[in-house]
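S.K.: Encoded as C-alpha cells, here's the structure I'll be asking about.
No value in this document is a laboratory result; all are computed from the given coordinates. Bear in mind that the values here come from a model prediction, so they are computed numbers and not experimental data. Ideal geometry is used to build each Cβ from the backbone, glycine not excepted, and the neighbour counts take in all protein chains shown.
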Amino acid sequence: MKQLMIATSNAHKVNEFEALLKPLGYEVKSLLDLAEPLEIEENGSTFEENALIKASAVHKIVKMPVIADDSGLCVNAMDGAPGIYSARFMGYDTDYDIKNREILAQVQNSEDKGAQFVCAIAYVESETLQHVFTGVVEGKIHDQILGEHGFGYDPIFYYPPFHTTLANVSESLKNEVSHRSRACAKLIAYLEDQ
Ligand code: ITT
C-alpha cells in the first residue's frame, strides 16, 4: 500500500483526507501518529505558502511523501478575513460557537454575504519535487448557526446548491463539493499520472 503522511494535527482533516485517499489505495498517516507532538510555525502570507512550509518541514523529519493542507474561510464583508488566520481567529482554543457568532455579527448588516472556503494542498516528495494544488468552494454566510456535522466554520457556511450549510449535510455530501476535495482531486490526478 502507498503511504502518505498528512502534515496535520487536525483530526477532522485526517478523517476527510482518509475518506478521499483510502479508496485510491493510500494509507494515510498524520502528525497524530508521531510519538512527539510537532508544532510548525505557519509564517507564510498565503494558503499556498503555508501549505508548503508545513509539508516541507514535516518531509525533512519523516522522509516520506508528505501532503499538507492550509485552509480557511474568506469572508467578503470582512475583506477576506479570517483567511489564513482562520484557525487563529479570536484565539486557537476559542470555541467555534463563539467564532461563528462573531462572523455572523460582522456580516449581519452587510449586503454582500459571499464567502469562500479555500484549501491549498502541498505535496512534497523530495527537496526538488514539490507541488501545490488549490481548491475553492463558493457560498454565503448564513443568518444562523446550523448543523452538527463537519467542523470549524461549516455551521455558518451556506452552500446554495444544497440550500443549507455544509454542517447540515452528511460528511460524504460535503466531501463531494468541498474546497479540500477539489484541491485533493487535483492532487490525485497528479499522483495517478506519476
Ligand atoms: P493543521 O495546521 O494542523 O493542519 P489547523 O486546524 O490549524 O490544523 P489550518 O491552519 O489550515 O489548520 O486552519 C484551517 C482552519 O480553517 C480550521 O481550523 C477551520 O477553522 C477552518 N476550516 C478549514 N477547512 C474547513 C472546513 O472544511 N470546514 C470548516 N472550517 C474549515
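S.K.: Summing Lys, Arg as +1 and Asp, Glu as -1, what charge do residues with Cβ under 15 Å from the Cβ of ALA115 carry, ALA115 excluded?
M.R.: With Lys, Arg at +1 and Asp, Glu at -1, the neighbours total -4.
S.K.: Going by C-beta contacts inside 10 Å, put LEU166, LEU4 in order with the fewest on the left.
M.R.: Placing the least packed residue first, the sequence is LEU4, LEU166.
S.K.: For every other residue with a beta carbon closer than 12 angstrom to the beta carbon of VAL124, add +1 if it is Lys or Arg and -1 if Asp or Glu, then tell me the sum.
M.R.: +1
S.K.: I need the Kirkwood Rh of the chain: take the reciprocal of the average 1/r across all distinct C-alpha pairs and report it in angstrom.
M.R.: 17.0
S.K.: Only counting other Cβ atoms within 10 Å, I'd like ILE84, ILE145 sorted with the fewest neighbours first.
M.R.: Least crowded to most crowded, the residues run ILE145, ILE84.
S.K.: To the nearest Å, what is the center-to-center distance of the range 118-194 and the range 36-111, using C-alpha atoms only?
M.R.: 13
S.K.: Over 25 Å between C-alpha atoms is what I'm after, so list which of LYS22/LYS113; LYS54/LYS140; LYS13/LYS186; LYS63/LYS174; LYS29/LYS140; LYS63/LYS99 land there.
M.R.: LYS22/LYS113; LYS54/LYS140; LYS63/LYS174; LYS29/LYS140; LYS63/LYS99
S.K.: Could you give the spread of the C-alpha atoms of the range 83-178 along their three principal axes, from largest to smallest, in whole angstroms?
M.R.: 47, 30, 26
S.K.: If you don't mind, there's one more thing I want to ask. Counting other Cβ atoms within 10 Å, keep those with at most 10, restrict to DSSP loop, and tell me which trypsin sites (Lys or Arg not before Pro) in the range 2-99 are left.
M.R.: LYS63
S.K.: For the chain, the longest stretch holding no GluC sites (Glu not before Pro) located in a DSSP loop with at most 11 other Cβ atoms within 10 Å is which?
M.R.: By the stated rule (loop sites, at most 11 other Cβ atoms within 10 Å), 42-110.
S.K.: Would you mind computing Rg(Cα) / (2.2 N^0.38 Å) for the range 125-185, counting N as its residues?
M.R.: Relative to the 2.2 N^0.38 Å estimate, the range 125-185 comes out at 1.33.
S.K.: Count charges around LEU191 for me, please; just the other residues with Cβ under 11 Å from its Cβ, Lys/Arg as +1, Asp/Glu as -1.
M.R.: Spelling it out: positives minus negatives among the neighbours equals -1.
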